[in-house]
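The structure appears below as structure tokens.
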């Protein structure tokens, strides 16, 4: 395998920044960090392209920066999909394997999952992932792997992640126009979970919140599998905009103030700290105190967490996540947000940095790069399991069960 063939490229195209991360896969399956290119995202809003030319330009800049480090052209990538257009639903379906009980084969499992996938979707929806949860064989439930077991009726529970067909196609078009072929698309929250969650958290039950610029992606696990996915239309940019309006200061200045001084919990604010802020237009700068920032930031944080709690209730997951809430993404670094989350959910909360790539620098091991790292790990795993994977839905299923 040539050095170029060893490369796995992840493209995380967010509302705030676009990242191209290059990993290099070794013969033993481990992946080491090779390069990161990043550019300010333009032409995006809440996970969807609103200006194709600007989006293409951002992708191209990030890719060129990564290419300069690795010294090789980037030809293909695994691309993340996120945003308010992404939805998840649980489904169940099954097959009768024969007139008499017999050994369950891998093809039977695929057919049962295909049957569970058969939900009616609106015309513009397309299936992004079909994630197996558990199997039922002749009344026996909670089977993780049915292959080799004896039975007559096989049923499957699956979690189906769908996205807007046009929104996903626009992402693929933008990446193609930037000179990169799309090898695969993956839900960004699933990728972030790959880089941030421990197996214990997945088994016991946990909720990962990937707080981006325009949206917060939610993914909940229990029993080691995905139970619920959703997108909340509130992200880090909303905190910035609130500060810009409340302080009557330009948005770039509001972003700096948020990063340096803002807190989502009033008691944690540096109350006596005086901050000089720029005014809009030609007006002179003004001085405010850090504690007043919490009066603006805390209500927005509370609103975001209430929306998340409502979503978990809707998915029947509020009482199914004893391992707690894991925060990642750039927005997770807001001071006081973990403490506020603990108050709302009364559960353990931690801020997660990505893991899993060898030789990652300290800069890359930050929460804002969780999705990019996770996409590289996801790409490495599917490549390792599937080899030269057939295209389309059945190819994706084959990769899921290739290691079974």
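Are any of the residues in region 128-136 within 27 Å of the chain's Cα centre (by Cα), without any contact (Cβ under 8 Å) to a residue 60 or more places away in the chain, surrounded by 13 or more Cβ atoms within 10 Å (Cβ to Cβ) and outside the structural domain of residue 311 (by TED's automatic domain parsing)? Checked region 128-136: at least one residue is within 27 Å of the chain's Cα centre (by Cα), without any contact (Cβ under 8 Å) to a residue 60 or more places away in the chain, surrounded by 13 or more Cβ atoms within 10 Å (Cβ to Cβ) and outside the structural domain of residue 311 (by TED's automatic domain parsing). Out of curiosity, is residue 151 buried (at least 20 other Cβ atoms within 10 Å of the Cβ), modelled with pLDDT of 90 or more and within 30 Å of residue 307 (Cβ to Cβ)? Criteria not met by residue 151.
Scan region 137-159 for residues that are touching a helix residue (DSSP H, G or I) at 6+ places or on another chain (Cβ under 9 Å) and either in a helix (DSSP H, G or I) or free of Cβ contacts under 8 Å to residues at least 12 places away in the same chain (or both) and the total you get is 0.
Residues in region 45-54: is at least one within 24 Å of residue 190 (Cα to Cα), in a strand (DSSP E or B) and out of contact with any helix residue (DSSP H, G or I) (no Cβ under 7 Å at 6 or more places or on another chain)? Looking through region 45-54, at least one residue is within 24 Å of residue 190 (Cα to Cα), in a strand (DSSP E or B) and out of contact with any helix residue (DSSP H, G or I) (no Cβ under 7 Å at 6 or more places or on another chain). Based on this model, can you work out whether residue 362 counts as touching a strand residue (DSSP E or B) at 6+ places or on another chain (Cβ under 6 Å), without any contact (Cβ under 8 Å) to a residue 24 or more places away in the chain and either under 17 Å from residue 210 (Cβ atoms) or surrounded by fewer than 19 Cβ atoms within 10 Å (Cβ to Cβ) (or both)? No: the conditions fail for residue 362.
The sole residue among 75, 65, 40 that is surrounded by 15 or more Cβ atoms within 10 Å (Cβ to Cβ), closer than 22 Å to residue 171 by Cα and outside the structural domain of residue 236 (by TED's automatic domain parsing) is 65. Entry remark, region 17-44: residues being over 18 Å from residue 80 (Cα atoms) and part of a loop (DSSP other than H, G, I, E, B) number 5 in total. Hey, any hits in region 4-16 for a residue that's farther than 19 Å from residue 194 by Cα and in a loop (DSSP other than H, G, I, E, B)? Among the residues of region 4-16, at least one is farther than 19 Å from residue 194 by Cα and in a loop (DSSP other than H, G, I, E, B), which makes the answer yes. One residue alone among 62, 84, 112 is assigned to a loop (DSSP other than H, G, I, E, B) and in contact (Cβ under 8 Å) with a residue 24 or more places away in the chain, and that residue is 84. The numbered conditions (1) touching a helix residue (DSSP H, G or I) at 6+ places or on another chain (Cβ under 7 Å); (2) more than 16 Å from residue 375 (Cβ to Cβ); (3) without any contact (Cβ under 8 Å) to a residue 60 or more places away in the chain are all true for residue 16 except (3).
One residue is enough: does region 96-119 have a residue meeting the conditions under 30 Å from residue 216 (Cα atoms), surrounded by fewer than 14 Cβ atoms within 10 Å (Cβ to Cβ) and either out of contact with any helix residue (DSSP H, G or I) (no Cβ under 9 Å at 6 or more places or on another chain) or not assigned by TED's automatic domain parsing to the domain that holds residue 153 (or both)? Yes: region 96-119 contains one or more residues that are under 30 Å from residue 216 (Cα atoms), surrounded by fewer than 14 Cβ atoms within 10 Å (Cβ to Cβ) and either out of contact with any helix residue (DSSP H, G or I) (no Cβ under 9 Å at 6 or more places or on another chain) or not assigned by TED's automatic domain parsing to the domain that holds residue 153 (or both).
The values are calculated or read from the model by the stated rules, or taken from the named source; none is laboratory data. Only a predicted model underlies this, so the values are computations on that prediction, with no experimental measurement involved. For neighbour counting, all protein chains shown are included, and Cβ atoms are generated from backbone atoms with ideal geometry for every residue, glycine included.
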